[in-house]
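The values are calculated or read from the model by the stated rules, or taken from the named source; none is laboratory data. Keep in mind it's a predicted model, so treat the numbers as computed, not measured. Positions of Cβ are generated from backbone atoms using ideal geometry, with glycine treated the same way; all protein chains shown enter the neighbour counts. Side chains included, ligands, DNA and RNA excluded: accessible areas come from the protein's heavy atoms. Shrake-Rupley method; radii C 1.70, N 1.55, O 1.52, S 1.80 Å.
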Amino acid sequence: MEQAFVVTGGAQGVGRAIVERLRERGHVVVIDVDDVALACADGDPQLTAVVGDAADQAVAAHAAEVAEAVAPLCGWVNNAALFGDAALHVAGPEEVLELVTRNLALAV
């Protein structure tokens, strides 16, 4: 039975390795914030790119719809992350909380 998966931040690095592993099991929808997502899916019938911010509910819903149009959605990997430097002993609690929230909002 065909399966579908969504991987956020799946165009490069660890996310791309996850995409490659999952594409052996089914169709993978790659969400990434720039055209790198389009380049990684170019010509591969097992991959579909969705360009956008995975924290945007509309982008995430669209990716789920695209995946489910191909096969039952069997997995979602929240790999996307935005990094910023914030030394805990220097940054205020608001800055640290904003960085944590920015990355955990995808999973919620």
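Of everything in region 3-29 that is modelled with pLDDT under 90 and touching a strand residue (DSSP E or B) at 6+ places or on another chain (Cβ under 9 Å), the residue that is nearest to G43 (Cα to Cα) is A11.
Out of V108, V100, report the one residue that is exposed (fewer than 12 other Cβ atoms within 10 Å of the Cβ), part of a helix (DSSP H, G or I) and either at pLDDT 90 or above or not polar (S, T, N, Q) (or both). Outline the logic, then answer.
Numbers: V108 fails: part of a helix (DSSP H, G or I).
Exactly one residue qualifies, and that residue is V100.
Annotation: of all residues in region 4-33 being outside any helix (DSSP H, G or I) and in contact (Cβ under 8 Å) with a residue 60 or more places away in the chain, the one that is nearest to the chain's Cα centre (by Cα) is T8. Scanning for something open to solvent by less than 70 Å² (accessible area, probe 1.4 Å), over 13 Å from the mean Cα position of the chain (by Cα) and not hydrophobic (A, V, I, L, M, F, W, C), does region 51-68 turn up at least one residue? No: region 51-68 contains no residue that is open to solvent by less than 70 Å² (accessible area, probe 1.4 Å), over 13 Å from the mean Cα position of the chain (by Cα) and not hydrophobic (A, V, I, L, M, F, W, C).
Suppose we filter A49, A54, A60 for residues that are of a type in the set (A, V, I, L, M, F, W, C) and part of a helix (DSSP H, G or I); which single one remains?
Working: A49 fails: part of a helix (DSSP H, G or I); A54 fails: part of a helix (DSSP H, G or I).
Of the residues listed, the single one that is of a type in the set (A, V, I, L, M, F, W, C) and part of a helix (DSSP H, G or I) is A60.
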